[in-house]
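Working notes, structure below.
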Amino acid sequence: MNLVDVIIPTYKPDNKFLVSIKRLLAQTVAPGKIIIINTDKNVWDKTGIEEKLKELFEESDTELILEHIEKQDFDHGATRNFGVSKSKAEYFVCMTQDAVCFDKKTIEYLLRGMDKSIKMTYARQVPDKNANKIEKFTREFNYPIESMIKSFNERQTLGIKTYFASNVCAAYERETFDALGRFDTGQILNEDMLYAYKLIENGYFIKYEAWAKVVHSHNYSGVAQFKRNFDIGVSQASNPHIFKNIKSENEGKKMVLKTMEHLLSTHSYISAIRLVYISACKYAGFLAGKNYKKLPKSVVGAFSMNREFWR
């Protein structure tokens, strides 16, 4: 039985994805399988990426498992659960197609953090060299250089961040994952955070492992930020048992203020102006998402980053 497998959902993968696979195959703790669940085979075939992908595995002991699903069948939780069903490993790592291991020890460090209480570890996200100043600071704010173990006891001090964990790159212990019912399905996003909640509520710990690093960032426009935060608001409104008594707005304000302080101290005045605009887009999207039930269906679909979810 393999020690660890890797599950990656894909949609329109590009050359960066091939770089990610190369880095995974070069890990000091190599995955037994890399399981790719791709959405929309027609689009996949047009990219011509499959031949290049298979070439990467020719000299590797890691097995490639490739499955295709229809676009309307994609679900953040169910698609990943399907990937996990293809694995019998003791641990598995979920990644996104645009995350690239920083070095050869990403998986090794993620698994090193596991013990009898810690059943999930997630990696530090290092900004890409092309990330703008706001995005670079945001990544550093959310993914600091110090590791952290989180449990039920941290709820009063960490608030919403107690349950923060990211499937951009995260490792899971399989036995506990199955026992707790796997990822929730039918969710617009946040399947990683919802699972983290289940872990903590059942007395387990989560570790943010700063030594495990992946390169991952986005230079989102204001419109994209609105749509992403709309979906976050929908997720929170759909799970009041988690979010009703733990507000995320305070953490958002703290991040904006710290980012503004940094930009002004480095005389990045244009970026500071952009931060005001981006923050307004985020907050407007979040508020709209929290109140999505009051909006017409046509508006909800237009506001969302995941339009297929509403169909």
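Tabulated data
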quantity	calculated
Crossing angle, helix 133-142 versus the chain [Cα axis fit, 0-90 degrees, rounded to tens]	70
Distance in nm between pseudo-label sites at LYS258 and ASP14 (7 Å out along the Cβ direction from Cα)	3.0
Inter-label distance, nm, simple model (7 Å from Cα along the C-beta direction), ASP115/ASP103	2.3
Those aspartates and glutamates that a straight Cα-Cα span of less than 17 Å connects to LYS150, excepting residues fewer than 8 apart in one chain	ASP115, GLU173, ASP192, GLU201, GLU209, GLU251
Rg over Rh, two decimals, the range 104-206 (C-alpha only, Kirkwood Rh)	0.97
Percentage, to the nearest whole number, of Cα pairs in the range 154-311 over 18 Å apart	65
Aspartates and glutamates with Cα under 19 Å of LYS258, excluding same-chain neighbours fewer than 8 positions away	GLU135, GLU140, GLU146, GLU249
Reach of LYS227 by Cα under 16 Å, taken over aspartates and glutamates that are not fewer than 8 positions away in the same chain	GLU308
Sequence-separation-based contact order of the chain, relative, with Cα cut under 8 Å and 6+ spacing, percent	20
Radius ratio Rg over Rh of the chain, counting only Cα atoms, Kirkwood formula for Rh	0.95
Cβ-derived FRET efficiency at R0 25 Å, ALA237 paired with GLU201, nearest 0.05	0.80
Shape box of the range 1-120 [Cα atoms, principal axes, largest first, Å]	43, 30, 24
Ranked packing of 82-91, 50-59, most packed first, by mean Cβ within 10 Å	82-91, 50-59
Theoretical gain in end-to-end length, LYS52 to LYS88 [0.36 nm per residue, Cα-Cα removed]	10.3 nm
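Read-outs throughout are calculated quantities, based only on the coordinates presented, and are distinct from any laboratory measurement. On a predicted model such as this, the values are computed, not experimentally measured, just so you know. Using ideal geometry, Cβ is built from the backbone for each residue, glycine included, and neighbour counts are taken over all protein chains shown.
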